[in-house]
Amino acid sequence: MFPDDLLDLIRDATNDALPANTPTFDNREIVQCFGLLHGITLRPTGNIMDNWKKDSAGFYPAPDFGTRHGVPRDRFDLWKRHLCFTRAPATPAERNDPWHDVRQLLKTFNDHMAAVFGPSWKVCGDESMIAWKGKGAGDPRETRGMPHVQKIKRKPRGVGVELKDIACAYTRILFRVEIQESAEAMKGKKWNDKWQKTTATTMRLAEGLFGSGRVLCCDSWFGSVETACALLSKGVYFSGIVKGAVRRYPIKYLKGFGWPGEEYQRSVTMELETDVQVTDKDNIRAEPKTKKLFAHVWREPGKRVGKPEMRKYLITTWGHTATAAKVPDCRKKRIRVNDDGMIEDWVLLVPWTAPFEEAFEGLCAIDVHNHLRQHGFGLEDAWASKKWQNRVLAGMLGIMEVNAYLAYVHFTKHQIPHSRFTENLALKMVNNPLGIGGSG
């Protein structure tokens with residue numbers, strides 16, 4: 001999951017940044033240093049250089065990375081201080097680009113994943129955060145901060161740079177990312193002159209899927225009639241939650257629709273008129289077909305007993321509207337007060353319909369990926385770098401490591417714990433044979 005081109009870029013750029021008359025790094029040393037970073041996540045020490053201590057002053061034995069793994073402390077520290085992964089700007093546009101230092105990193109990842117990974121028929125669109133604990137570029141006292149910092153309260157790591165991304169719904173492998181820049185910078189992105197920014201972002205993420213007939217499932221940030229129509233015109237089906245983007249969506253009718261009693265399985269589906277014309281990938285079909293969109297609403301019970309219901313609205317261009325009896329019940333985690341006055345957890349089984357079951361099946365993929373990357377064995381926490389470029393690199397290295405773990409578990413069917421996989425990967429990287437005996 002780690003691009004070979006990126007390894008060569010890091011080697012060349014880092015060597016160019018070294019002081020004169022300093023021994024350069026080869027590919028083997030670069031991989032060793034990254035392996036040590038992954039290994040440090042297994043037992044964070046606060047200061048990563050403490051892992052070279054030879055004496056133990058606590059519960060655990062001395063790490064002594066220099067003796068055990070053959071990487072001297074001074075050599076690792078030299079690599080860490082001069083680590084670079086971008087080429088020098090060659091044009092005025094590159095020199096004026098505040099994200100130039102990480103632009104090549106993101107492009108190399110996207111190109112590599114497009115070349116080596118093919119997602120399943122269903123993919124998920126969502127967002128991820130790369131945590132940042134320093135100042136942003138908007139602070140007049142800070143000139144080296146993150147070019148654009150966002151704050152999202154609902155996120156566990158809610159301050160940092162936001163990525164919009166897509167992943168396979170079944171393997172949960174994340175294969176395309178786009179960094180979210182300032183509002184002014186985003187206006188100049190592709191397709192923003194044709195569609196709303198949410199639709200334009202979705203189209204850029206899904207560009208590699210055009211003509212494939214895959215289904216993209218997204219949350220309410222992406223969900224709208226415009227997005228569904230735009231994707232449909234490019235040969236990609238869509239299923240997304242609708243909240244704020246209600247233009248051309250029958251939200252008033254669906255909000256006012258009433259159900260008798262407690263029949264949560266009841267739903268309403270409306271067929272929407274659209275002029276979307278779809279041709280096949282190779283433009284062979286002489287007469288393009290007009291496709292249809294469906295607006296779907298489902299009643300979800302409140303989070304606590306006695307609380308009002310919540311209606312969820314869906315826009316979809318695929319699937320069917322099977323009754324609740326034909327799909328498994330939705331398992332909703334709830335809390336309630338029992339007869340003893342104690343709060344307890346319980347699971348409410350709620351009948352629902354196929355469109356929501358199919359949509360929610362794919363929506364959790366990136367959430368699971370984010371949890372594996374940021375919780376427990378998070379490189380972003382273990383490597384407390386003060387450079388914003390390294391924070392982005394740590395986030396992307398975490399994405400690549402989690403991708404490798406998910407690929408291993410899915411394709412080998414070996415349910416190894418994430419910690420064990422990270423440990424094995426770190427040891428393989430530290431003991432890599434690159435450059436030994438003529439190996440590549």
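What is the local net charge at Ala62, summed over the other residues whose Cβ is closer than 14 Å to its Cβ (Lys, Arg +1; Asp, Glu -1)?
Working: positive: Arg43, Lys53, Lys54, Arg68, Arg73; negative: Asp50, Asp55, Asp64.
Here the charged neighbours net out to +2.
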For region 58-163, treating each Cα as an identical point scatterer without solvent, what Debye log10 I(q)/I(0) comes out at q = 0.16, 0.21, 0.24, 0.25 1/Å? -1.09, -1.18, -1.25, -1.29
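Counting only other residues whose beta carbon sits under 15 Å from that of Asp8, what net charge do I get with K and R as +1, D and E as -1? Display every interim value, and only then the final one.
On the way: positive: Arg11, Arg28, Arg87, Lys107; negative: Asp4, Asp5, Asp12, Asp16, Asp26, Glu29, Asp111.
Once all neighbours under 15 Å are counted, the net charge is -3.
Rank-order 392-398, 209-215, 230-236 by packing density, defined as the average count of other C-beta atoms within 10 Å over each peptide's residues, highest first.
On the way: 392-398: 23.9, 209-215: 17.6, 230-236: 20.6.
Listed from highest to lowest mean packing, they are 392-398, 230-236, 209-215.
Subtract the Cα-Cα distance of Ile416 and Lys243 from 0.36 nm times their separation in residues, and report this length gain in nm to one decimal. Spell out each step's value before the answer.
Numbers: separation 173, 0.36 × 173 = 62.28 nm, distance 3.87 nm.
Taking 0.36 nm per residue and subtracting the Cα distance, the gain is 58.4 nm.
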Between Arg68 and Val116, what is the label-to-label distance in nm when each label sits 7 Å out along the Cα-to-Cβ direction? 2.8 nm
Ranked highest first by average number of other Cβ atoms within 10 Å, how do 419-432, 119-132 line up? 119-132, 419-432
Per-residue ³J(HN,Hα) for region 62-73, Karplus 6.51 cos²θ - 1.76 cosθ + 1.60, θ = phi - 60°, Hz, x for Gly and Pro: 4, x, 6, 4, x, 6, 6, 10, x, 10, x, 4
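Between Ala88 and Lys187, what's the calculated FRET efficiency when r is the beta-carbon distance and R0 is 25 Å? Round to 0.05. Don't skip to the answer; put the middle values down first.
Details: r = 27 Å, r/R0 = 1.09.
Efficiency computed from Cβ-Cβ geometry: 0.35.
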Taking only C-alpha pairs under 8 Å that are 6+ residues apart, what is the relative contact order of region 14-73 in percent? 19 percent
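Note the full-extension length gain between Lys151 and Tyr170 as 0.36 nm times their separation in residues minus their Cα-Cα distance, in nm to one decimal.
On the way: separation 19, 0.36 × 19 = 6.84 nm, distance 2.96 nm.
Between Lys151 and Tyr170, full extension yields 3.9 nm more.
All other residues with a Cβ under 14 Å from the Cβ of Lys122 taken together, and with Lys, Arg as +1 and Asp, Glu as -1, what is their net charge? Mind showing how you got there, number by number?
Working: positive: Arg172, Arg214; negative: Asp126, Glu357, Glu358, Glu361.
The answer is -2.
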Near Lys133, which lysines are there with a Cα under 30 Å away, not counting those fewer than 8 places off in the same chain? Lys53, Lys80, Lys107, Lys151, Lys153, Lys155, Lys164, Lys187, Lys189, Lys197, Lys386, Lys387
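Expressed as a rounded percentage, what relative contact order does region 1-157 have, with Cα pairs under 8 Å and six or more residues apart?
Relative contact order of region 1-157: 21 percent.
The numbers here are math on the coordinates, done by the rules we state, and not lab data. Everything numeric here is computed off the predicted structure, so don't read it as measured data. In this analysis, Cβ positions are derived from the backbone assuming ideal geometry, glycine residues included, and neighbour counts consider all displayed protein chains.
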